[in-house]
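Only one structure is covered here, and it is reproduced in the block below.
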There are 2 protein chains.
Amino acid sequence: MAVSSKSAVAIHALTMLARWDDKSLTSAEIADSLRSNPVLVRRILGSLRVAGLVVSTEGRNGGWSLARPAGGITLHDAYAALEEGPLLASHPHPPSAECEVGRNMERLLEVEFRDAERAMAERLGRTTIADLVRQVLASERDLAQRAH
Amino acid sequence: MAVSSKSAVAIHALTMLARWDDKSLTSAEIADSLRSNPVLVRRILGSLRVAGLVVSTEGRNGGWSLARPAGGITLHDAYAALEEGPLLASHPHPPSAECEVGRNMERLLEVEFRDAERAMAERLGRTTIADLVRQVLASERDLAQRAH
DNA sequence: GATAACTGCAACCGTTGTGGTTACATTTTG
DNA sequence: CAAAATGTAACCACAACGGTTGCAGTTATC
(Lines give C-alpha, C1' and ligand atoms only; values in the text may rest on other atoms or scores of the structure.)
Protein backbone atom coordinates (compact mmCIF):
# COMPACT_ATOMS: atom_id res chain seq x y z
CA MET A 1 0.00 0.00 0.00
CA ALA A 2 2.07 2.83 -1.27
CA VAL A 3 -0.15 5.64 -2.49
CA SER A 4 -2.44 7.10 0.16
CA SER A 5 -6.19 6.65 0.04
CA LYS A 6 -6.66 10.35 -0.65
CA SER A 7 -7.19 9.68 -4.34
CA ALA A 8 -9.84 7.08 -3.58
CA VAL A 9 -11.62 9.54 -1.31
CA ALA A 10 -11.39 12.26 -3.95
CA ILE A 11 -12.81 10.03 -6.68
CA HIS A 12 -15.60 8.96 -4.36
CA ALA A 13 -16.47 12.59 -3.63
CA LEU A 14 -16.28 13.63 -7.28
CA THR A 15 -18.59 10.79 -8.22
CA MET A 16 -21.10 11.91 -5.62
CA LEU A 17 -20.96 15.49 -6.90
CA ALA A 18 -21.53 14.24 -10.43
CA ARG A 19 -24.35 11.91 -9.43
CA TRP A 20 -26.27 14.72 -7.77
CA ASP A 21 -25.06 17.67 -9.83
CA ASP A 22 -28.41 19.46 -9.67
CA LYS A 23 -27.58 20.52 -6.11
CA SER A 24 -24.42 21.12 -4.14
CA LEU A 25 -23.30 18.68 -1.46
CA THR A 26 -21.86 19.54 1.94
CA SER A 27 -18.68 18.07 3.34
CA ALA A 28 -20.83 16.43 6.02
CA GLU A 29 -22.96 14.60 3.47
CA ILE A 30 -19.89 13.35 1.64
CA ALA A 31 -18.26 12.37 4.93
CA ASP A 32 -21.35 10.36 5.79
CA SER A 33 -21.01 8.31 2.64
CA LEU A 34 -17.31 7.80 3.32
CA ARG A 35 -17.97 7.05 7.00
CA SER A 36 -15.32 9.68 7.63
CA ASN A 37 -14.90 13.21 8.85
CA PRO A 38 -16.10 16.51 7.32
CA VAL A 39 -12.71 18.13 7.96
CA LEU A 40 -10.90 15.38 6.14
CA VAL A 41 -13.27 15.75 3.21
CA ARG A 42 -12.79 19.51 3.11
CA ARG A 43 -9.03 19.05 3.11
CA ILE A 44 -9.16 16.79 0.10
CA LEU A 45 -11.81 18.80 -1.74
CA GLY A 46 -9.70 21.86 -1.04
CA SER A 47 -6.89 20.34 -3.09
CA LEU A 48 -9.36 19.52 -5.83
CA ARG A 49 -10.49 23.13 -5.81
CA VAL A 50 -6.91 24.34 -6.20
CA ALA A 51 -6.64 22.00 -9.17
CA GLY A 52 -9.78 23.53 -10.66
CA LEU A 53 -11.93 20.42 -10.45
CA VAL A 54 -14.53 21.63 -7.95
CA VAL A 55 -15.86 24.88 -6.53
CA SER A 56 -17.14 25.62 -3.06
CA THR A 57 -19.50 28.23 -1.64
CA GLU A 58 -19.28 29.35 1.96
CA GLY A 59 -22.01 30.12 4.43
CA ARG A 60 -25.44 28.69 4.95
CA ASN A 61 -26.63 26.46 2.07
CA GLY A 62 -23.04 26.37 0.96
CA GLY A 63 -21.30 23.26 -0.31
CA TRP A 64 -19.41 21.77 -3.19
CA SER A 65 -20.02 21.14 -6.85
CA LEU A 66 -18.06 20.19 -9.95
CA ALA A 67 -16.22 22.99 -11.73
CA ARG A 68 -16.71 21.32 -15.11
CA PRO A 69 -18.64 18.46 -16.71
CA ALA A 70 -17.96 15.03 -15.19
CA GLY A 71 -17.06 13.70 -18.63
CA GLY A 72 -14.04 16.00 -18.62
CA ILE A 73 -12.62 14.90 -15.29
CA THR A 74 -10.48 11.77 -15.30
CA LEU A 75 -9.28 9.63 -12.44
CA HIS A 76 -5.81 10.87 -13.25
CA ASP A 77 -6.95 14.46 -12.71
CA ALA A 78 -7.97 13.51 -9.18
CA TYR A 79 -4.77 11.59 -8.58
CA ALA A 80 -2.58 14.41 -9.86
CA ALA A 81 -4.38 16.97 -7.70
CA LEU A 82 -3.50 15.06 -4.54
CA GLU A 83 -0.29 13.15 -5.02
CA GLU A 84 2.72 15.25 -5.74
CA GLY A 85 6.18 14.23 -6.76
CA PRO A 86 7.22 11.05 -8.52
CA LEU A 87 5.39 7.81 -7.78
CA LEU A 88 8.51 5.66 -7.68
CA ALA A 89 11.23 7.09 -5.47
CA SER A 90 14.81 7.03 -6.63
CA HIS A 91 17.84 6.78 -4.35
CA PRO A 92 17.50 8.44 -0.93
CA HIS A 93 20.80 10.20 -1.65
CA PRO A 94 23.05 10.32 -4.70
CA PRO A 95 25.16 7.18 -5.12
CA SER A 96 28.92 7.18 -5.31
CA ALA A 97 30.42 8.73 -8.43
CA GLU A 98 33.46 6.49 -7.97
CA CYS A 99 31.39 3.44 -8.87
CA GLU A 100 30.83 2.66 -12.52
CA VAL A 101 27.25 1.63 -11.76
CA GLY A 102 26.64 4.29 -9.14
CA ARG A 103 27.45 7.22 -11.38
CA ASN A 104 24.94 6.07 -14.02
CA MET A 105 22.13 4.52 -12.06
CA GLU A 106 20.15 7.59 -11.08
CA ARG A 107 19.86 8.84 -14.62
CA LEU A 108 18.87 5.45 -16.02
CA LEU A 109 16.33 4.78 -13.29
CA GLU A 110 14.72 8.14 -13.77
CA VAL A 111 13.84 7.25 -17.36
CA GLU A 112 12.48 3.82 -16.42
CA PHE A 113 10.43 5.10 -13.51
CA ARG A 114 9.05 8.05 -15.44
CA ASP A 115 7.89 5.74 -18.23
CA ALA A 116 6.26 3.40 -15.72
CA GLU A 117 4.42 6.28 -14.11
CA ARG A 118 3.31 7.52 -17.48
CA ALA A 119 1.83 4.12 -18.24
CA MET A 120 -0.18 4.24 -15.04
CA ALA A 121 -1.24 7.84 -15.61
CA GLU A 122 -2.35 7.01 -19.12
CA ARG A 123 -4.59 4.24 -17.84
CA LEU A 124 -6.08 6.40 -15.10
CA GLY A 125 -6.71 9.08 -17.67
CA ARG A 126 -8.96 6.80 -19.70
CA THR A 127 -11.74 6.70 -17.11
CA THR A 128 -13.82 9.78 -16.33
CA ILE A 129 -16.05 10.56 -13.38
CA ALA A 130 -18.98 10.37 -15.82
CA ASP A 131 -18.01 6.77 -16.57
CA LEU A 132 -18.16 5.92 -12.88
CA VAL A 133 -21.56 7.57 -12.48
CA ARG A 134 -22.84 5.52 -15.41
CA GLN A 135 -21.52 2.34 -13.79
CA VAL A 136 -23.05 3.23 -10.44
CA LEU A 137 -26.44 3.88 -12.04
CA ALA A 138 -26.20 0.62 -14.01
CA SER A 139 -25.39 -1.33 -10.86
CA GLU A 140 -28.33 0.20 -9.07
CA ARG A 141 -30.62 -0.63 -11.97
CA ASP A 142 -29.47 -4.26 -11.92
CA LEU A 143 -29.97 -4.41 -8.21
CA ALA A 144 -33.51 -3.08 -8.43
CA GLN A 145 -34.36 -5.55 -11.17
CA ARG A 146 -32.99 -8.49 -9.22
CA ALA A 147 -35.19 -7.51 -6.27
CA HIS A 148 -38.26 -8.82 -8.13
CA MET B 1 6.95 10.26 -3.54
CA ALA B 2 4.76 7.34 -2.76
CA VAL B 3 6.69 4.12 -3.28
CA SER B 4 9.77 3.77 -1.08
CA SER B 5 13.26 3.87 -2.49
CA LYS B 6 13.78 0.20 -1.69
CA SER B 7 13.10 -0.76 -5.29
CA ALA B 8 15.67 1.74 -6.52
CA VAL B 9 18.22 0.34 -4.10
CA ALA B 10 17.40 -3.21 -5.16
CA ILE B 11 17.75 -2.42 -8.86
CA HIS B 12 21.04 -0.67 -8.17
CA ALA B 13 22.34 -3.71 -6.29
CA LEU B 14 21.13 -6.16 -8.93
CA THR B 15 22.83 -4.12 -11.62
CA MET B 16 26.10 -4.22 -9.69
CA LEU B 17 25.82 -7.99 -9.25
CA ALA B 18 25.18 -8.36 -12.98
CA ARG B 19 27.99 -6.01 -13.96
CA TRP B 20 30.53 -8.01 -11.96
CA ASP B 21 28.96 -11.44 -12.14
CA ASP B 22 32.32 -13.22 -12.27
CA LYS B 23 32.69 -12.65 -8.54
CA SER B 24 30.34 -12.18 -5.62
CA LEU B 25 29.92 -8.78 -3.99
CA THR B 26 29.66 -8.05 -0.28
CA SER B 27 26.96 -5.93 1.28
CA ALA B 28 29.71 -3.46 2.25
CA GLU B 29 30.81 -3.01 -1.37
CA ILE B 30 27.25 -2.42 -2.50
CA ALA B 31 26.63 -0.06 0.41
CA ASP B 32 29.70 1.93 -0.66
CA SER B 33 28.26 2.49 -4.10
CA LEU B 34 24.91 3.48 -2.59
CA ARG B 35 26.59 5.64 0.05
CA SER B 36 24.50 3.70 2.50
CA ASN B 37 24.73 1.03 5.13
CA PRO B 38 25.59 -2.68 4.83
CA VAL B 39 22.72 -3.67 7.10
CA LEU B 40 20.23 -1.81 4.95
CA VAL B 41 21.63 -3.52 1.87
CA ARG B 42 21.40 -6.94 3.50
CA ARG B 43 17.80 -6.28 4.46
CA ILE B 44 16.84 -5.50 0.89
CA LEU B 45 18.94 -8.24 -0.67
CA GLY B 46 17.36 -10.58 1.86
CA SER B 47 13.96 -9.88 0.32
CA LEU B 48 15.41 -10.44 -3.13
CA ARG B 49 16.74 -13.78 -1.95
CA VAL B 50 13.32 -14.79 -0.68
CA ALA B 51 11.98 -13.89 -4.13
CA GLY B 52 14.62 -16.10 -5.71
CA LEU B 53 16.50 -13.34 -7.48
CA VAL B 54 19.83 -13.56 -5.64
CA VAL B 55 21.76 -16.02 -3.50
CA SER B 56 24.07 -15.34 -0.60
CA THR B 57 26.90 -17.27 1.00
CA GLU B 58 27.88 -16.77 4.61
CA GLY B 59 31.27 -16.67 6.19
CA ARG B 60 34.60 -15.36 5.00
CA ASN B 61 34.69 -14.64 1.25
CA GLY B 62 30.93 -14.75 1.38
CA GLY B 63 28.70 -12.34 -0.47
CA TRP B 64 25.91 -12.03 -2.98
CA SER B 65 25.32 -13.02 -6.57
CA LEU B 66 22.46 -13.34 -9.03
CA ALA B 67 20.37 -16.48 -8.83
CA ARG B 68 19.71 -16.42 -12.58
CA PRO B 69 20.86 -14.62 -15.73
CA ALA B 70 20.42 -10.84 -15.65
CA GLY B 71 18.43 -11.01 -18.86
CA GLY B 72 15.73 -12.90 -17.00
CA ILE B 73 15.32 -10.42 -14.15
CA THR B 74 13.05 -7.44 -14.82
CA LEU B 75 12.62 -4.22 -12.89
CA HIS B 76 9.17 -5.45 -12.00
CA ASP B 77 10.66 -8.56 -10.39
CA ALA B 78 12.64 -6.30 -8.08
CA TYR B 79 9.65 -4.09 -7.39
CA ALA B 80 7.38 -7.04 -6.63
CA ALA B 81 9.93 -8.57 -4.27
CA LEU B 82 9.92 -5.47 -2.08
CA GLU B 83 6.59 -3.71 -2.31
CA GLU B 84 3.65 -5.74 -1.17
CA GLY B 85 -0.03 -5.01 -1.42
CA PRO B 86 -1.78 -2.78 -3.92
CA LEU B 87 -0.05 0.35 -5.22
CA LEU B 88 -3.13 2.54 -5.08
CA ALA B 89 -4.95 2.34 -1.78
CA SER B 90 -8.70 2.18 -1.73
CA HIS B 91 -10.89 3.57 1.04
CA PRO B 92 -9.43 3.47 4.58
CA HIS B 93 -12.68 1.81 5.68
CA PRO B 94 -15.74 0.58 3.81
CA PRO B 95 -18.07 3.42 2.77
CA SER B 96 -21.71 3.59 3.75
CA ALA B 97 -23.99 1.00 2.18
CA GLU B 98 -26.87 3.44 2.54
CA CYS B 99 -25.38 5.69 -0.10
CA GLU B 100 -26.01 4.85 -3.72
CA VAL B 101 -22.44 5.83 -4.60
CA GLY B 102 -20.91 4.46 -1.42
CA ARG B 103 -22.15 0.94 -1.88
CA ASN B 104 -20.67 0.69 -5.38
CA MET B 105 -17.48 2.71 -5.20
CA GLU B 106 -15.11 0.19 -3.68
CA ARG B 107 -15.82 -2.44 -6.28
CA LEU B 108 -15.53 0.00 -9.19
CA LEU B 109 -12.33 1.56 -7.90
CA GLU B 110 -10.71 -1.80 -7.39
CA VAL B 111 -11.03 -2.55 -11.10
CA GLU B 112 -9.68 0.85 -12.13
CA PHE B 113 -6.75 0.76 -9.73
CA ARG B 114 -5.83 -2.81 -10.57
CA ASP B 115 -5.74 -1.96 -14.27
CA ALA B 116 -3.58 1.09 -13.59
CA GLU B 117 -1.15 -0.97 -11.56
CA ARG B 118 -1.03 -3.58 -14.26
CA ALA B 119 -0.08 -0.91 -16.79
CA MET B 120 2.82 0.18 -14.60
CA ALA B 121 3.90 -3.40 -13.92
CA GLU B 122 3.82 -4.19 -17.61
CA ARG B 123 6.15 -1.28 -18.33
CA LEU B 124 8.55 -2.19 -15.55
CA GLY B 125 8.55 -5.76 -16.83
CA ARG B 126 9.92 -4.66 -20.19
CA THR B 127 13.33 -3.68 -18.87
CA THR B 128 15.76 -6.28 -17.55
CA ILE B 129 18.83 -5.91 -15.37
CA ALA B 130 20.86 -6.93 -18.41
CA ASP B 131 19.45 -3.93 -20.28
CA LEU B 132 20.65 -1.63 -17.51
CA VAL B 133 24.13 -3.18 -17.51
CA ARG B 134 24.32 -2.62 -21.27
CA GLN B 135 23.31 1.02 -20.81
CA VAL B 136 25.86 1.50 -18.04
CA LEU B 137 28.63 0.05 -20.18
CA ALA B 138 27.57 2.18 -23.15
CA SER B 139 27.62 5.33 -21.02
CA GLU B 140 31.07 4.49 -19.74
CA ARG B 141 32.30 3.89 -23.29
CA ASP B 142 30.95 7.26 -24.41
CA LEU B 143 32.55 8.91 -21.42
CA ALA B 144 35.94 7.37 -22.16
CA GLN B 145 35.72 8.41 -25.80
CA ARG B 146 34.81 11.97 -24.93
CA ALA B 147 37.88 12.17 -22.69
CA HIS B 148 40.14 12.34 -25.76
C1' DG C 1 -29.84 41.68 13.99
C1' DA C 2 -29.53 37.20 15.84
C1' DT C 3 -29.05 32.51 14.72
C1' DA C 4 -28.07 28.46 12.23
C1' DA C 5 -25.41 26.20 8.72
C1' DC C 6 -21.83 26.11 6.17
C1' DT C 7 -16.46 26.53 4.72
C1' DG C 8 -11.53 27.36 6.02
C1' DC C 9 -7.80 26.44 8.76
C1' DA C 10 -4.59 25.58 12.48
C1' DA C 11 -3.20 22.52 15.92
C1' DC C 12 -2.97 18.39 17.69
C1' DC C 13 -2.77 12.85 18.35
C1' DG C 14 -1.64 7.92 17.54
C1' DT C 15 0.02 4.81 14.22
C1' DT C 16 2.84 3.21 10.61
C1' DG C 17 6.71 3.00 7.42
C1' DT C 18 11.31 4.54 6.16
C1' DG C 19 16.15 5.12 6.25
C1' DG C 20 19.70 4.55 9.31
C1' DT C 21 22.56 2.64 13.09
C1' DT C 22 24.53 -0.33 16.83
C1' DA C 23 25.17 -4.67 18.63
C1' DC C 24 25.73 -9.35 18.49
C1' DA C 25 25.25 -14.34 17.20
C1' DT C 26 26.53 -17.39 13.43
C1' DT C 27 29.08 -19.22 9.63
C1' DT C 28 33.07 -19.94 6.89
C1' DT C 29 37.85 -19.36 5.26
C1' DG C 30 42.75 -18.73 5.98
C1' DC D 1 42.05 -19.28 16.60
C1' DA D 2 41.26 -14.96 14.07
C1' DA D 3 39.25 -12.48 10.36
C1' DA D 4 35.52 -11.59 7.33
C1' DA D 5 31.33 -12.13 6.03
C1' DT D 6 25.94 -12.89 6.62
C1' DG D 7 21.64 -12.82 9.58
C1' DT D 8 18.84 -10.46 12.93
C1' DA D 9 17.00 -7.95 16.58
C1' DA D 10 16.56 -3.66 18.65
C1' DC D 11 16.42 0.91 18.53
C1' DC D 12 16.09 6.03 16.77
C1' DA D 13 14.42 10.21 14.30
C1' DC D 14 11.50 11.68 10.92
C1' DA D 15 7.59 12.13 7.95
C1' DA D 16 3.02 11.09 6.27
C1' DC D 17 -1.54 9.53 7.12
C1' DG D 18 -6.12 9.31 8.94
C1' DG D 19 -8.59 11.38 12.34
C1' DT D 20 -10.27 14.90 15.64
C1' DT D 21 -11.19 19.29 18.23
C1' DG D 22 -11.66 24.00 18.18
C1' DC D 23 -12.59 28.21 16.28
C1' DA D 24 -12.78 32.15 12.98
C1' DG D 25 -15.17 33.72 8.85
C1' DT D 26 -19.19 33.77 5.67
C1' DT D 27 -23.90 33.54 4.25
C1' DA D 28 -28.92 32.59 4.17
C1' DT D 29 -33.00 32.59 6.95
C1' DC D 30 -35.91 33.83 10.74
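The values are calculated or read from the model by the stated rules, or taken from the named source; none is laboratory data. This is a predicted model, so every value here is computed, not measured. Glycine also receives a Cβ, built like all others from the backbone with ideal geometry; neighbour counts cover every protein chain displayed. Note: areas computed on protein heavy atoms with side chains; ligands, DNA, RNA excluded. Shrake-Rupley method; radii C 1.70, N 1.55, O 1.52, S 1.80 Å.
Summary of computed values
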{"item": "Charge dipole (debye, nearest 20) of the protein assembly as shown; +1 at Cβ of Lys and Arg, -1 at Cβ of Asp and Glu", "result": "100 debye"}
{"item": "Proximal lysines relative to B:LYS6, as straight alpha-carbon distance under 26 Å, when same-chain residues fewer than 8 apart are discounted", "result": "A:LYS6, B:LYS23"}
{"item": "For the stretch A:94-144, size of Cβ-based charge dipole, Lys and Arg +1, Asp and Glu -1, in debye", "result": "280 debye"}
{"item": "Cβ-vector label at 7 Å, A:PRO38, separations to other copies in nm", "result": "5.9"}
{"item": "Folded to 0 to 90 degrees: helix B:6-19 orientation relative to chain B principal axis, Cα", "result": "30 degrees"}
{"item": "Size of electric dipole in the stretch B:1-67: Cβ of Lys, Arg +1 and of Asp, Glu -1, about Cα centre, debye, nearest 20", "result": "180 debye"}
{"item": "Cα→Cβ-extended label distance, 7 Å offset, between A:ARG68 and B:ARG43, nm", "result": "4.3 nm"}
{"item": "The stretch A:46-69 versus the stretch A:115-138: alpha-carbon centroid distance in Å", "result": "21 Å"}
{"item": "Estimated FRET transfer efficiency when R0 is 45 angstrom, pair A:ARG60-B:SER4 (beta carbons, to 0.05)", "result": "0.50"}
{"item": "Inter-copy spacing of A:ASP115 label points, which lie 7 Å from Cα along Cα→Cβ, given in nm from shortest upward", "result": "2.3"}
{"item": "Modelled FRET efficiency - R0 45 Å, B:ALA97 with B:ASP22, Cβ distances, 0.05 increments", "result": "0.15"}
{"item": "Copies compared at B:ARG126 - label distances in nm, ascending, label defined 7 Å from Cα in the Cβ direction", "result": "1.5"}
{"item": "Fraction of alpha-carbon pairs over 14 Å apart in the stretch A:20-72 - percent", "result": "52 percent"}
{"item": "Accessible surface of A:ARG141 - all protein chains present, 1.4 Å probe, nearest 10 Å²", "result": "150 Å²"}
{"item": "Among B:LEU17, B:GLY71, B:SER7 the positive-end extreme of the charge dipole of chain B (Cβ point charges)", "result": "B:LEU17"}
